[in-house]
Amino acid sequence: VQLQAFGGGLVQAGDSLRLSCAASGPTISSYKMGWFRQAPGKEREFVAAISASGNFIKYTDSVEGRFTISRDNAKNTVYLQMDSLKPEDTAIYYCAAGDPMFVINLRRGYAYWGQGTQVTVSS
């Protein structure tokens, strides 16, 4: 599975962005999909994930209520709607695909990664 994330940009605090992750190759319908982010000087951290069926969703506490993950298996695409953005959301955002058997909110649960898209939120 090859993943490409896009939709990042420079916005002001309180604005919204929608990230997309387009997959090529095998369909993503059998994979759980996740979004991670990495700020300068920090470890890559979990942001949100959605199960293969779409019935289970998990967010990290800091984005709960502001971000929404969704998937469209027919388009082989996963989305991350980010509202009420804060400067601390500034990071490179990565999408990832993984076997549903493995843990949903850890990096080791994902075998395939996109190249990342930069999100910068100014105060």
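The values are calculated or read from the model by the stated rules, or taken from the named source; none is laboratory data. Being a predicted model, the structure only gives us computed values, none of them experimental. Counting neighbours? That spans all protein chains shown, and the Cβs are built from the backbone with ideal geometry, glycine included. The area values use the complete protein model at the heavy-atom level, side chains included, leaving out ligands, DNA and RNA. Shrake-Rupley method; radii C 1.70, N 1.55, O 1.52, S 1.80 Å.
Summary of computed values
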| quantity | calculated |
| --- | --- |
| Failed item, numbered, when ALA97 is tested on (1) outside any loop (DSSP other than H, G, I, E, B); (2) open to solvent by 50 Å² or more (accessible area, probe 1.4 Å); (3) over 23 Å from LEU10 (Cβ atoms) | (2) |
| ILE57, sole failed condition from (1) touching a Leu at 6+ places or on another chain (Cβ under 8 Å); (2) open to solvent by 60 Å² or more (accessible area, probe 1.4 Å); (3) not basic (Lys, Arg) | (1) |
| ASP72 open to solvent by 60 Å² or more (accessible area, probe 1.4 Å), over 15 Å from THR117 (Cβ atoms) and among the acidic types (Asp, Glu) | no |
| Strands (runs of 3 or more DSSP E) enclosed by region 23-88 - at least 1 residues per element that are over 18 Å from GLN2 (Cα atoms) and in contact with a Cys (Cβ under 6 Å, 6 or more places away or on another chain) | none |
| Set SER51, SER29, SER24: member being surrounded by fewer than 20 Cβ atoms within 10 Å (Cβ to Cβ) and in contact with a helix residue (DSSP H, G or I) (Cβ under 6 Å, 6 or more places away or on another chain) | SER29 |
